[in-house]
Amino acid sequence: AQSVTQPDIHITVSEGASLELRCNYSYGATPYLFWYVQSPGQGLQLLLKYFSGDTLVQGIKGFEAEFKRSQSSFNLRKPSVHWSDAAEYFCAVGLPYGNEKLTFGTGTRLTIIP
Amino acid sequence: DTGVSQNPRHKITKRGQNVTFRCDPISEHNRLYWYRQTLGQGPEFLTYFQNEAQLEKSRLLSDRFSAERPKGSFSTLEIQRTEQGDSAMYLCASSLRGGTANTGELFFGEGSRLTVL
């Protein structure tokens, strides 16, 4: 069965600084990979996804993620964070050519300081 | 497009009572999913439907949990004889699945928070 590890429970970053959130997955082949964001009182929103092809994917709100097969990683990055980026971020994996059932990591809570 | 709607947003109940949550998916979406999220954890898959057919329910947490989607539109998740451990956020998501491609994107509602006293 597939699994997802987000090693950082909580990260604090200054506004304007760069950000990298880590995600490692375990699966026998290359899964479909996703990053979702959850703000307080809001539903989960898809930031970006990777299915195949170019390993650097661009998402909404200025986020990008890079798939590294050799490291089984799919880290999320943003060059300059804004106060509105404060939220919980979840990495998820799905099975290729299967249903859209996703396995989520435990999440990373991002705090932005002025 | 009104998005995925869930009701009620918050339910407080006493142990042993039954509760039911409703999910209205995006209108043209044929797949509907239920997840549970406890504090400090990511969402955990429970069950899903394609139209009115429940295609997987092995992850429902016990036989006290049941879900229906009788007409392939809205869905209900019922928990019978609630226990304190059932306290969680129950999330609904929908997607449009066509052909053999996994489009991959789930659209989530804001969730229904259950508190069992």
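The values are calculated or read from the model by the stated rules, or taken from the named source; none is laboratory data. These numbers come from a predicted model, not from an experiment. No Cβ is skipped: glycine too gets one built from the backbone with ideal geometry, and neighbour counts run over all protein chains shown.
Of A:GLY16, A:GLY43, A:GLY28, all but one fail to be assigned to a loop (DSSP other than H, G, I, E, B) and in contact with a Phe, Trp or Tyr (Cβ under 7 Å, 6 or more places away or on another chain); the exception is A:GLY43.
For the range B:26-59, enumerate the residues that are of a type in the set (A, V, I, L, M) and farther than 19 Å from B:GLY3 by Cα. I'd like the intermediate steps shown before the answer.
First, the residues of the range B:26-59 that are of a type in the set (A, V, I, L, M): B:26, B:32, B:39, B:46, B:53, B:55.
Listed by number, the residues that qualify are B:LEU39, B:LEU46, B:ALA53, B:LEU55.
When B:MET89 is tested against (1) farther than 24 Å from A:PHE51 by Cβ; (2) exposed (fewer than 14 other Cβ atoms within 10 Å of the Cβ), only condition (2) is not met.
Scanning the range A:13-39 for residues that are out of contact with any Leu (no Cβ under 8 Å at 6 or more places or on another chain) and loosely packed, with under 15 Cβ neighbours inside 10 Å returns A:SER14, A:GLU15, A:GLY16, A:ALA17, A:SER18, A:SER26, A:GLY28, A:ALA29, A:SER39. Given the criteria more than 10 Å from chain B (Cβ to nearest Cβ), surrounded by 20 or more Cβ atoms within 10 Å (Cβ to Cβ) and at negative phi, does A:LYS68 qualify? No: the conditions fail for A:LYS68.
I'd like the full set of residues that are in a loop (DSSP other than H, G, I, E, B) and surrounded by fewer than 17 Cβ atoms within 10 Å (Cβ to Cβ), limited to the range B:1-28.
First, pick out the residues of the range B:1-28 that are in a loop (DSSP other than H, G, I, E, B): B:1-4, B:8-9, B:14-18, B:25-28.
Matches in the range B:1-28: B:ASP1, B:THR2, B:GLY3, B:PRO8, B:ARG9, B:LYS14, B:ARG15, B:GLY16, B:GLN17, B:ASN18, B:SER27, B:GLU28.
If you filter the range A:85-114 down to residues that are over 15 Å from the mean Cα position of the chain (by Cα) and either in a loop (DSSP other than H, G, I, E, B) or modelled with pLDDT under 95 (or both), you find that the one that is farthest from the other protein chains (Cβ to nearest Cβ) is A:PRO114. Within the range A:52-73, the residues that satisfy the criterion of being among the hydroxyl-bearing types (Ser, Thr, Tyr) and either outside any helix (DSSP H, G or I) or touching a helix residue (DSSP H, G or I) at 6+ places or on another chain (Cβ under 6 Å) (or both) are A:SER52, A:THR55, A:SER72, A:SER73. Regarding B:GLU78, is this residue within 14 Å of chain A (Cβ to nearest Cβ) and acidic (Asp, Glu)? Considered against the rule, which asks whether it is within 14 Å of chain A (Cβ to nearest Cβ) and acidic (Asp, Glu), B:GLU78 comes out as no.
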